[in-house]
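Colleague: Have a look at this one before I ask anything.
The values are calculated or read from the model by the stated rules, or taken from the named source; none is laboratory data. Remember, it's a predicted structure, so these values are computed and weren't measured experimentally. Here the Cβ is made from the backbone with ideal geometry for all residues, glycine too, and neighbour counts use every protein chain on show. Ligands, DNA and RNA are excluded from the accessible area calculation, which covers all protein heavy atoms including side chains. Shrake-Rupley method; radii C 1.70, N 1.55, O 1.52, S 1.80 Å.
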Amino acid sequence: MAQSAETIHGSKSKSGAAWWVEPYLTVLALGLFGVYSLWLVFFQHTGQFQNYLSPFFSPTEDWGIKVLPALWVLWAPLLFRATCYYYRKEIYRGFFHDPMACGVPESRRKFYFGETRFPFIWTNLHRWFWYIALVVLVFLWIDAVKAFIFPVAGGGSTFGVGLGSLIMLVNVSLLTMYSLSCHAFRHLVGGGSQKFSCADGSPTTRYKLWNTVSRWNEKHGLFAWVSMFSVWFTDVYIRLLIYGVIHPVRFF
Amino acid sequence: MAEEITLSVFRGDRSGGREQEYKIPAVPGMVVLDALHYIQAHQAPDLAVRWNCKAAHCGSCSAEINGSAKLLCKTRVDDYTDEVIHVRPMHTFPVIKDLVTDVSWNYEKLRQIPAFQPAIKAPFTLHQRDVDRIQEFRKCIECFLCQNICHVLRDHSAKDAYWGPRMMIRMAELQMHPLDTADRIDLLKGSAGIGYCNITKCCTVVCPQGINITDNGIIPLKERVADKYFDPLGGLVRKMHK
Ligand code: SF4
Ligand code: SF4
Ligand code: FES
Ligand code: FES
């Protein structure tokens with residue numbers, strides 16, 4: 001680094017770390033997640049262990065389309081996250097150094113078109129990927145419910161709670177909060193309207209919805225990270241079960 | 001003996017210049033503007049610095065202190081212990097003299113924004129709830145620190161393509177007004193260049209008024225642009241709704 005941390009804006013983050021720590025951590029986390037996803041796509045063919053299903057492989061229905069099982073699912077959440085306003089900030093800072101941190105000079109490229117041209121103009125389609133992500137979310141909720149219904153020897157099934165059931169429930173809850181705190185959703189439910197009061201002065205329904213989503217939206221970045229790690233962790237847990245490295249824990 | 005602080009202040013004009021060191025006695029509660037006034041009074045009477053209120057309200061004293069875009073009157077000297085305080089003019093605007101920059105470009109752009117066009121004649125009564133959102137933007141003191149730090153203007157010199165975060169929240173303030181009838185969406189997508197903003201949020205970080213420029217202003221405007229230009233289905237639904 002040419003400049004010392006002290007002479008650069010954003011030199012000290014809240015934690016007191018140097019300005020370049022955050023962009024490099026972003027690259028590391030997203031990079032590892034990307035590599036892990038690719039490994040799943042090309043080298044893993046199932047995410048099922050008994051009644052647990054990895055979020056990377058849900059839904060399992062292929063509707064006659066023959067593709068790699070993880071790829072069938074993965075493109076949707078991937079495009080959803082890649083066009084997310086929060087991840088865009090992190091990606092532009094971490095991967096494109098546009099800018100790496102506030103006030104840090106950008107010297108590498110002459111041209112900058114922002115989100116006005118291909119490829120980043122596509123980020124304007126974020127709301128469409130949000131709709132698709134919602135469909136995926138419905139499947140994940142069904143999977144989470146199934147994770148509480150265990151097969152019994154000799155046929156039939158019973159309600160039960162295992163470590164995997166809890167992990168899957170937490171994961172789908174975090175994904176739900178990530179989706180419902182989305183900026184496009186905030187706009188959709190009420191942000192786009194100009195008036196928030198009815199003729200009699202009472203708040204409109206759209207106002208109430210917008211207000212609630214706005215509160216969640218303040219934590220959108222947090223939900224983005226924790227839900228990414230929970231998806232990752234859920235798959236790792238189920239994969240370790242599939243490989244027999246660990247044994248399933250059943251509470252009752 | 002009173003504690004001594006060292007400031008390294010940019011001296012120069014449009015043709016160039018360099019930082020010059022000054023040593024002054026520290027006074028408890030001193031802000032950087034006080035320190036510069038001390039230098040003016042005792043060591044360099046020709047030091048140029050623009051200020052008015054010394055209360056973080058007029059937006060005149062914007063500068064860069066140790067690389068951060070800040071108000072000189074709101075930044076305490078004791079935030080920088082055991083280090084030299086480097087004071088430089090805003091990087092994005094042409095220097096007139098020392099710490100004073102020419103920010104007239106911003107006023108030109110402000111004039112190009114279509115004014116408030118109310119649906120009914122004033123005076124009118126509004127519900128607080130309807131104006132809460134735009135009141136956040138009205139806190140702006142036009143210090144232009146956000147314009148200074150925005151990498152589109154700062155590093156890419158794209159002043160001809162993007163009007164910057166201050167203009168975005170001015171347009172948000174008008175566009176979200178419950179009685180406004182003007183349409184600024186084409187302008188936003190066109191010559192105001194909202195697409196150049198890549199929502200990396202430095203404007204929000206530096207705003208001394210704590211305005212959520214990106215989350216509450218620019219992103220909602222980007223969504224409005226998307227309504228019109230990137231969402232034929234949504235447009236159709238809205239038409240039927242009307
Ligand atoms: S968020 Fe947009 S307007 Fe604000 S500094 Fe970044 S690029 Fe500029
Ligand atoms: S939005 Fe904030 S940083 Fe920008 S000009 Fe207004 S007060 Fe200054
Ligand atoms: S803005 Fe992050 S998911 Fe929509
Ligand atoms: S002197 Fe008015 S804002 Fe600093």
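Colleague: Report whether or not B:T125 is over 19 Å from the mean Cα position of the chain (by Cα) and either within 13 Å of chain A (Cβ to nearest Cβ) or crowded, with 18+ Cβ neighbours inside 10 Å (or both).
Modeller: Judged against the criteria, B:T125 is a match.
Colleague: On to the next question. Which ranges mark the strands (runs of 3 or more DSSP E) fully within the range B:1-73 that have 2 or more residues being hydrophobic (A, V, I, L, M, F, W, C) and at pLDDT 95 or above?
Modeller: Filter on the range B:1-73 gives B:4-13, B:62-65, B:68-71.
Colleague: Within the range B:150-169, is even one residue more than 16 Å from ligand 2 (Cβ to nearest atom), without any contact (Cβ under 8 Å) to a residue 12 or more places away in the chain and open to solvent by 50 Å² or more (accessible area, probe 1.4 Å)?
Modeller: Yes, there is a match, as at least one residue in the range B:150-169 is more than 16 Å from ligand 2 (Cβ to nearest atom), without any contact (Cβ under 8 Å) to a residue 12 or more places away in the chain and open to solvent by 50 Å² or more (accessible area, probe 1.4 Å).
Colleague: Do any residues in the range B:177-200 that are open to solvent by 10 Å² or more (accessible area, probe 1.4 Å) have Cβ atoms under 6 Å from those of residues that are part of a strand (DSSP E or B), where the two are at least six apart or on different chains, and which pairs are they?
Modeller: B:L179/B:P118
Colleague: Looking only at the range B:43-88, filter to residues that are among the β-branched types (V, I, T) and open to solvent by 20 Å² or more (accessible area, probe 1.4 Å); which one of those is nearest to ligand 2 (Cβ to nearest atom)?
Modeller: The selected residue is B:V49.
Colleague: Continuing with the same structure: Show the residue pairs meeting these rules: Cβ distance below 8 Å; 6+ apart or different chains; first residue within the range B:133-149 and within 14 Å of chain A (Cβ to nearest Cβ); second residue within 16 Å of ligand 4 (Cβ to nearest atom) and part of a helix (DSSP H, G or I).
Modeller: Within 8 Å, the pairs are B:L145/B:V206; B:C146/B:R166; B:C146/B:V206; B:Q147/B:N106; B:Q147/B:R166; B:N148/B:V206; B:I149/B:V206.
Colleague: Can you run down the residue pairs with Cβ atoms below 7 Å, 6 or more apart or on separate chains, where the first is in the range B:55-74 and within 13 Å of B:I85 (Cα to Cα) and the partner is modelled with pLDDT under 95 and among the polar types (S, T, N, Q)?
Modeller: Within 7 Å, the pairs are B:N66/A:T7; B:G67/A:T7; B:G67/A:S11.
Residue-by-condition table, conditions (1) within 19 Å of A:R88 (Cβ to Cβ); (2) within 14 Å of chain B (Cβ to nearest Cβ); (3) open to solvent by less than 20 Å² (accessible area, probe 1.4 Å); (4) within 16 Å of ligand 2 (Cβ to nearest atom):
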residue	(1), (2), (3), (4)
A:G160	no, no, yes, no
A:L163	no, no, no, no
A:M168	no, no, yes, no
A:N171	no, no, yes, no
A:R206	no, yes, no, no
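Colleague: Let me ask another. Of everything in the range B:136-149 that's surrounded by fewer than 24 Cβ atoms within 10 Å (Cβ to Cβ) and not in a loop (DSSP other than H, G, I, E, B), which residue is nearest to ligand 4 (Cβ to nearest atom)?
Modeller: This residue is B:R138.
Colleague: When the residues of the range B:204-214 are narrowed to those that are within 19 Å of A:K219 (Cβ to Cβ) and surrounded by fewer than 21 Cβ atoms within 10 Å (Cβ to Cβ), which ends up farthest from ligand 3 (Cβ to nearest atom)?
Modeller: B:G210
Colleague: Could you list all residues from the range A:58-88 that are modelled with pLDDT under 80 and closer than 30 Å to B:I219 by Cα?
Modeller: Residue satisfying the conditions is A:V73 alone.
Colleague: Another question about this same structure. Within the range A:100-120, is there a residue that is closer than 17 Å to B:S157 by Cα, among the polar types (S, T, N, Q) and either in a helix (DSSP H, G or I) or open to solvent by less than 50 Å² (accessible area, probe 1.4 Å) (or both)?
Modeller: Checked the range A:100-120: at least one residue is closer than 17 Å to B:S157 by Cα, among the polar types (S, T, N, Q) and either in a helix (DSSP H, G or I) or open to solvent by less than 50 Å² (accessible area, probe 1.4 Å) (or both).
Colleague: Among the numbered criteria (1) under 20 Å from the mean Cα position of the chain (by Cα); (2) of a type in the set (D, E, K, R); (3) more than 8 Å from every other protein chain (Cβ to nearest Cβ); (4) open to solvent by 20 Å² or more (accessible area, probe 1.4 Å), which one does A:K146 miss?
Modeller: (1) is the only condition that A:K146 fails.
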